[in-house]
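All remarks here apply to the structure that follows.
The values are calculated or read from the model by the stated rules, or taken from the named source; none is laboratory data. Note that this is a predicted model, so its numbers are computed, not measured. Don't worry about glycine lacking a Cβ; one is built from the backbone with ideal geometry, like all the others, and counts go over all protein chains shown.
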Protein chains: 2
Amino acid sequence: MKTANDEHYMQMAVQEARKGQGRTSPNPCVGAVIVKNGKLVSKGYHKKAGTPHAEINAITASGSVDLAGATIYVTLEPCSHTGRTPPCCEALVSAGFSRVVVGMTDPNPRVNGRGISFLRRHGIAVDTGLLEKRCVELNYPFIKHVTQGTPWMIMKAGVSLDGRLNYQAGKSGWITGEESKKEVHRLRDVVDGIMVGSATAIIDNPSLTTRLNDKKGKDPVRIILDSHLAVPLSSTIFNQESSAPVWLVCGKNVSNEKTARFRDKNIEIIQVDGDENGLDLRQVLTVLGKRDICSVLVEGGARLHGAFLRKRLYDYAHLFYAPLFAGDRGVPLVSSFEVKDRESAPRLEHPQMKRLGEDFMVSGKILYP
Amino acid sequence: MKTANDEHYMQMAVQEARKGQGRTSPNPCVGAVIVKNGKLVSKGYHKKAGTPHAEINAITASGSVDLAGATIYVTLEPCSHTGRTPPCCEALVSAGFSRVVVGMTDPNPRVNGRGISFLRRHGIAVDTGLLEKRCVELNYPFIKHVTQGTPWMIMKAGVSLDGRLNYQAGKSGWITGEESKKEVHRLRDVVDGIMVGSATAIIDNPSLTTRLNDKKGKDPVRIILDSHLAVPLSSTIFNQESSAPVWLVCGKNVSNEKTARFRDKNIEIIQVDGDENGLDLRQVLTVLGKRDICSVLVEGGARLHGAFLRKRLYDYAHLFYAPLFAGDRGVPLVSSFEVKDRESAPRLEHPQMKRLGEDFMVSGKILYP
């Protein structure tokens with residue numbers, strides 16, 4: 001039986017889950033809230049793969065409270081299998097919960113409804129699908145990775161009103177303002193990987209680290225796609241302090257002598273097959289997925305954006321528009337990507353807009369026709 | 001002495017003024033509200049050049065009410081000179097108003113504070129500058145035209161996320177959705193002129209008329225810039241019913257034989273000098289200003305947008321973004337326009353955003369560095 005406060009508590013569980021975003025891969029981020037006799041008992045969230053799940057953290061936080069007859073709100077279906085930790089479903093039964101409210105079913109083929117059946121078989125009332133959309137949005141990366149084996153690919157770019165990434169091709173040139181930059185660092189903080197093509201790495205010479213003002217951020221793995229290893233060893237990315245490694249992805253035909261120079265600097269080299277346009281991007285994603293990279297923020301440039309759209313490999317976009325005109329000598333947002341007409345254009349599903357100072361961010365899932 | 005209700009009544013006057021928008025050129029649109037003993041007496045607005053001003057319409061609408069001691073709210077300083085109608089200031093004095101609240105001073109060199117001085121000399125209390133920003137925004141076209149002699153130039157375009165006007169250069173292709181199209185027709189309804197370049201006229205073959213769902217719209221004068229008269233006589237724009245004329249602007253070197261074919265169809269030909277990139281746009285604007293065209297919506301294409309930006313002749317922009325990618329075979333928003341860096345980029349001042357279905361509109365005054 002659903003109660004008026006169900007949404008309130010599930011929303012609280014969603015907020016708990018968010019605390020783990022970008023830190024739980026390959027696990028989902030999950031939040032849990034325990035309520036007994038209409039009163040909040042405790043909360044918990046999953047912090048990191050290999051550590052206790054949200055439900056267990058919430059139970060632990062409840063201390064000496066007798067949980068018999070209590071309700072637990074969980075953003076994701078409790079697990080029924082033994083992974084690196086024992087199954088949560090058993091713990092819920094042991095604790096004596098009389099009701100479990102679930103945000104979304106776990107798409108993990110090893111769970112996928114089995115957790116809910118287990119609970120019901122043990123006499124626990126289970127309601128599912130509460131705030132499901134928000135729970136799904138929390139775990140786009142996990143869902144994609146656990147069902148397809150590849151990371152959730154996020155297109156990111158700072159663009160002028162006329163769709164340019166800079167003012168003069170071949171020269172670095174900032175488009176967006178300070179508020180947008182801050183938002184980019186918040187995005188970097190919650191993804192597993194950040195990716196750029198070699199031209200961007202060479203021209204912009206970025207650090208690709210996370211710099212937050214208010215708290216310590218987490219650097220994502222920094223991934224450079226560079227068919228021929230053209231990025232100089234002197235680049236910032238290879239020579240700065242970061243807790244995250246740099247992975248350099250190049251073609252299989254690059255000489256050992258060349259790769260050795262990077263390996264000597266503790267840079268990991270990943271060699272993949274090429275295709276007609278450069279590296280085989282599907283193969284790149286498969287390799288990243290196998291390494292438990294569940295989400296990647298792709299920061300350009302135009303050629304990489306064009307290639308990911310062409311191959312329908314982008315899942316989501318965060319586009320930051322600055323209210324200025326950059327002119328037609330600038331690099332366009334996407335290159336080498338042809339669209340026939342409106343019907344065949346990739347589009348954002350229900351795009352969200354957010355104002356960032358004078359800039360505005362447009363975000364949404366990318367749908368391919 | 002300002003009262004708490006002043007803003008309320010001035011806002012009402014602004015709403016009145018809006019009813020005349022796009023219909024009063026070369027006059028401003030003006031609204032007036034009369035209040036006596038804290039009660040609304042009547043309202044009025046200026047409907048068309050040559051007809052009574054807002055103040056007079058409000059006085060007429062007050063009927064038999066004795067206006068001695070009443071207050072009138074006017075969005076623009078009342079006129080002190082005899083134009084096509086006698087000066088409103090004298091009418092306000094005769095009617096016995098004790099207070100006049102003015103939104104903005106009339107920038108018309110023949111008024112420019114003289115109305116306010118006149119009223120004060122006749123013992124009327126005058127407050128100025130109430131909701132001034134809104135009153136100014138109402139009359140961007142009038143202000144530009146009366147002070148500079150040229151029309152308020154508005155850039156308008158439907159753009160993809162990657163800054164393209166269509167999918168394949170040389171082919172027509174709609175980018176934006178239904179809600180955006182409706183908004184475009186609302187914009188057309190309140191401007192004096194609508195302008196396209198010859199390439200757009202040829203490729204899109206538009207009608208450039210105003211089609212509103214809820215009320216009868218007003219077609220603006222349809223202006224085509226076409227250096228060599230390349231647009232075929234069979235184009236829709238020359239062959240459809242419209243209450244508004246078509247003005248075809250071409251170079252002075254176009255033969256009489258060629259222009260005669262258009263003149264025979266009652267199309268007005270305006271010949272101007274050329275410059276290195278086509279027609280001399282400053283000369284075009286001067287001609288339009290002399291013809292009392294106070295505002296022009298420029299609907300493209302890329303070359304015209306680029307030229308207006310390059311020559312710093314655009315005053316305002318309405319850009320409609322559809323949440324889709326059009327690819328790099330599409331025509332970019334602006335062409336032949338080069339920007340060196342962020343500091344030299346034209347930008348929108350405090351851009352406004354408006355959601356239109358899945359599209360979003362970005363609007364603002366264009367500032368040049």
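Of the conditions (1) at pLDDT 95 or above; (2) within 14 Å of chain A (Cβ to nearest Cβ), B:TRP174 fails just one. Which one is it?
Looking at each condition in turn, B:TRP174 falls short on (1).
Could we say that A:ARG120 is basic (Lys, Arg) and assigned to a loop (DSSP other than H, G, I, E, B) here?
Details: basic (Lys, Arg): yes; assigned to a loop (DSSP other than H, G, I, E, B): no.
Against the criterion (basic (Lys, Arg) and assigned to a loop (DSSP other than H, G, I, E, B)), A:ARG120 does not qualify.
Applying the selection to segment B:338-354, what residues are more than 7 Å from chain A (Cβ to nearest Cβ) and farther than 24 Å from B:SER295 by Cβ?
B:GLU343, B:SER344
Condition check ((1) within 30 Å of B:ASP328 (Cα to Cα); (2) assigned to a loop (DSSP other than H, G, I, E, B)) across all residues:
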residue: B:ARG134; (1), (2): no, no
residue: B:PHE142; (1), (2): no, no
residue: B:HIS145; (1), (2): no, no
residue: B:ASN166; (1), (2): yes, yes
residue: B:THR176; (1), (2): yes, yes
residue: B:LEU187; (1), (2): yes, no
residue: B:VAL191; (1), (2): no, yes
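Of everything in segment B:269-295 that's surrounded by fewer than 22 Cβ atoms within 10 Å (Cβ to Cβ) and of a type in the set (S, T, N, Q), which residue is nearest to B:THR200 (Cα to Cα)?
Per the stated criteria, the residue is B:ASN277.
If you scan segment A:224-268, which residues turn out to be charged (D, E, K, R), under 26 Å from A:HIS305 (Cα atoms) and either surrounded by 13 or more Cβ atoms within 10 Å (Cβ to Cβ) or in contact with a helix residue (DSSP H, G or I) (Cβ under 8 Å, 6 or more places away or on another chain) (or both)?
Applying the first criterion (charged (D, E, K, R)) to segment A:224-268 yields A:226, A:241, A:252, A:257-258, A:261, A:263-265, A:268.
If we keep only those that are under 26 Å from A:HIS305 (Cα atoms) as well, we get A:226, A:252, A:268.
Result: A:ASP226, A:GLU268.
For the list (1) within 14 Å of chain B (Cβ to nearest Cβ); (2) in a loop (DSSP other than H, G, I, E, B); (3) out of contact with any Ser or Thr (no Cβ under 7 Å at 6 or more places or on another chain), I need the number of the one condition that A:ASN266 fails.
(1)
If I go through segment A:95-125 residue by residue, how many of them are of a type in the set (S, T, N, Q) and modelled with pLDDT of 95 or more?
Within segment A:95-125, the first condition is being of a type in the set (S, T, N, Q), and the residues that meet it are A:98, A:105, A:108, A:112, A:117.
Going one step further and asking which of them are modelled with pLDDT of 95 or more, we end up with A:98, A:105.
Of the residues in segment A:95-125, 2 are of a type in the set (S, T, N, Q) and modelled with pLDDT of 95 or more.
Listed here are the residues, each with its yes/no results for (1) crowded, with 22+ Cβ neighbours inside 10 Å; (2) more than 22 Å from the chain's Cα centre (by Cα).
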| residue | (1), (2) |
| --- | --- |
| A:GLU55 | yes, yes |
| A:GLY69 | no, yes |
| A:GLU90 | no, yes |
| A:THR105 | no, no |
| A:ASN112 | no, no |
| A:GLY115 | yes, yes |
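Here is a check on your reading of the model: is B:ARG355 free of Cβ contacts under 8 Å to residues at least 24 places away in the same chain, of a type in the set (Lys, Arg) and either more than 17 Å from B:GLN148 (Cα to Cα) or surrounded by fewer than 24 Cβ atoms within 10 Å (Cβ to Cβ) (or both)?
yes
Determine if segment A:84-91 includes at least one residue that is assigned to a loop (DSSP other than H, G, I, E, B) and modelled with pLDDT of 95 or more. Let's see the steps before the verdict.
Quick first cut of segment A:84-91, residues assigned to a loop (DSSP other than H, G, I, E, B) only: A:84-87.
Narrowing the set further to residues that are modelled with pLDDT of 95 or more leaves none.
No, the conditions are met nowhere in segment A:84-91.
Filtering segment B:26-45 down to residues that are in contact with a Lys or Arg (Cβ under 9 Å, 6 or more places away or on another chain) and part of a loop (DSSP other than H, G, I, E, B), which residue is nearest to B:PRO107 (Cα to Cα)?
B:ASN27
So if I check each of A:VAL284, A:VAL296, A:VAL272, which one is among the hydrophobic types (A, V, I, L, M, F, W, C), in contact with a strand residue (DSSP E or B) (Cβ under 6 Å, 6 or more places away or on another chain) and farther than 23 Å from A:GLY22 by Cα? If you could, list the steps in order and put the result at the bottom.
Working: A:VAL284 fails: farther than 23 Å from A:GLY22 by Cα; A:VAL296 fails: farther than 23 Å from A:GLY22 by Cα.
Matching residue, one of A:VAL284, A:VAL296, A:VAL272: A:VAL272.
For segment A:300-311, what are the residues that are in contact with a Ser or Thr (Cβ under 7 Å, 6 or more places away or on another chain) and either touching a residue at least 60 places away in the same chain (Cβ under 8 Å) or not assigned by the TED database to the domain that holds A:LEU187 (or both)?
A:GLY300, A:GLY301, A:ALA302, A:ARG303
Mind checking which residues of segment A:193-207 are closer than 20 Å to A:GLY278 by Cβ and assigned to a loop (DSSP other than H, G, I, E, B)? Full working, then the answer.
Taking segment A:193-207 and keeping what is closer than 20 Å to A:GLY278 by Cβ, we get A:193-204, A:206.
Listed by number, the list holds a single entry, A:PRO206.
Looking only at segment A:356-365, decide whether some residue is more than 14 Å from chain B (Cβ to nearest Cβ) and not hydroxyl-bearing (Ser, Thr, Tyr).
Applying the first criterion (more than 14 Å from chain B (Cβ to nearest Cβ)) to segment A:356-365 yields none.
Within segment A:356-365, not a single residue is more than 14 Å from chain B (Cβ to nearest Cβ) and not hydroxyl-bearing (Ser, Thr, Tyr).
Given the options A:THR82, A:THR75, name the one that is over 22 Å from the mean Cα position of the chain (by Cα), assigned by the TED database to the domain that holds A:VAL33 and of a type in the set (Val, Ile, Thr). Lay out the reasoning, then the answer.
Working: A:THR75 fails: over 22 Å from the mean Cα position of the chain (by Cα).
Testing whether each residue is over 22 Å from the mean Cα position of the chain (by Cα), assigned by the TED database to the domain that holds A:VAL33 and of a type in the set (Val, Ile, Thr) leaves just A:THR82.
Looking at segment B:312-329, can you tell me whether even one residue there is more than 30 Å from A:LYS365 (Cβ to Cβ) and free of Cβ contacts under 8 Å to residues at least 40 places away in the same chain?
At the first step, the residues of segment B:312-329 found to be more than 30 Å from A:LYS365 (Cβ to Cβ) are B:312-316.
Still in the running and free of Cβ contacts under 8 Å to residues at least 40 places away in the same chain: none.
Checking segment B:312-329: not a single residue is more than 30 Å from A:LYS365 (Cβ to Cβ) and free of Cβ contacts under 8 Å to residues at least 40 places away in the same chain.
Kindly indicate whether any position in segment B:120-130 is more than 20 Å from the chain's Cα centre (by Cα), buried (at least 23 other Cβ atoms within 10 Å of the Cβ) and not basic (Lys, Arg).
Initial filter on segment B:120-130 (more than 20 Å from the chain's Cα centre (by Cα)): B:120-130.
Subset that is buried (at least 23 other Cβ atoms within 10 Å of the Cβ): none.
No, every residue in segment B:120-130 fails to be more than 20 Å from the chain's Cα centre (by Cα), buried (at least 23 other Cβ atoms within 10 Å of the Cβ) and not basic (Lys, Arg).
Suppose we filter segment A:79-113 for residues that are over 19 Å from A:GLU16 (Cβ atoms) and among the small types (Gly, Ala, Ser); how many remain?
Summing the residues that are over 19 Å from A:GLU16 (Cβ atoms) and among the small types (Gly, Ala, Ser) in segment A:79-113 gives 6.
For the condition within 24 Å of B:ARG188 (Cβ to Cβ), β-branched (Val, Ile, Thr) and either surrounded by fewer than 22 Cβ atoms within 10 Å (Cβ to Cβ) or over 18 Å from the mean Cα position of the chain (by Cα) (or both), what is the one hit in B:VAL362, B:VAL298? So that I can check it myself, show each step before the final result.
Details: B:VAL298 fails: either surrounded by fewer than 22 Cβ atoms within 10 Å (Cβ to Cβ) or over 18 Å from the mean Cα position of the chain (by Cα) (or both).
Every option except B:VAL362 fails the conditions.
A:SER335 versus (1) surrounded by 24 or more Cβ atoms within 10 Å (Cβ to Cβ); (2) facing chain B (nearest Cβ under 7 Å); (3) not in a helix (DSSP H, G or I): which is the lone unmet condition?
All conditions pass for A:SER335, except number (1).
For the subset of segment A:307-329 comprising residues that are facing chain B (nearest Cβ under 7 Å) and in a loop (DSSP other than H, G, I, E, B), which member is surrounded by the fewest Cβ atoms within 10 Å (Cβ to Cβ)? Give the derivation first.
First, pick out the residues of segment A:307-329 that are facing chain B (nearest Cβ under 7 Å): A:309, A:319, A:323-329.
From the residues that got through so far, the ones that are in a loop (DSSP other than H, G, I, E, B) too are A:323, A:325-326, A:328-329.
Values: A:PRO323: 28, A:PHE325: 28, A:ALA326: 30, A:ASP328: 21, A:ARG329: 16.
It comes out as A:ARG329.
Take A:THR150 and tell me if it is surrounded by fewer than 21 Cβ atoms within 10 Å (Cβ to Cβ), more than 13 Å from every other protein chain (Cβ to nearest Cβ) and of a type in the set (Val, Ile, Thr). Spell out how you get there, then give the answer.
Values: surrounded by fewer than 21 Cβ atoms within 10 Å (Cβ to Cβ): no; more than 13 Å from every other protein chain (Cβ to nearest Cβ): yes; of a type in the set (Val, Ile, Thr): yes.
Criteria not met by A:THR150.
One residue is enough: does segment B:178-185 have a residue meeting the conditions more than 30 Å from A:PHE320 (Cβ to Cβ), in contact (Cβ under 8 Å) with a residue 24 or more places away in the chain and either of a type in the set (Val, Ile, Thr) or not in a loop (DSSP other than H, G, I, E, B) (or both)? Spell out the reasoning first.
Keep residues of segment B:178-185 that are more than 30 Å from A:PHE320 (Cβ to Cβ), which gives B:185.
In the following step, the residues that additionally are in contact (Cβ under 8 Å) with a residue 24 or more places away in the chain were identified as B:185.
Adding the requirement that they be either of a type in the set (Val, Ile, Thr) or not in a loop (DSSP other than H, G, I, E, B) (or both) leaves B:185.
Yes, that holds for at least one residue.
With the structure loaded, tell me whether A:LEU304 is surrounded by 18 or more Cβ atoms within 10 Å (Cβ to Cβ), part of a strand (DSSP E or B) and modelled with pLDDT of 95 or more or whether it fails that test.
Values: surrounded by 18 or more Cβ atoms within 10 Å (Cβ to Cβ): yes; part of a strand (DSSP E or B): no; modelled with pLDDT of 95 or more: yes.
Here the answer is no, as A:LEU304 does not meet what is asked.
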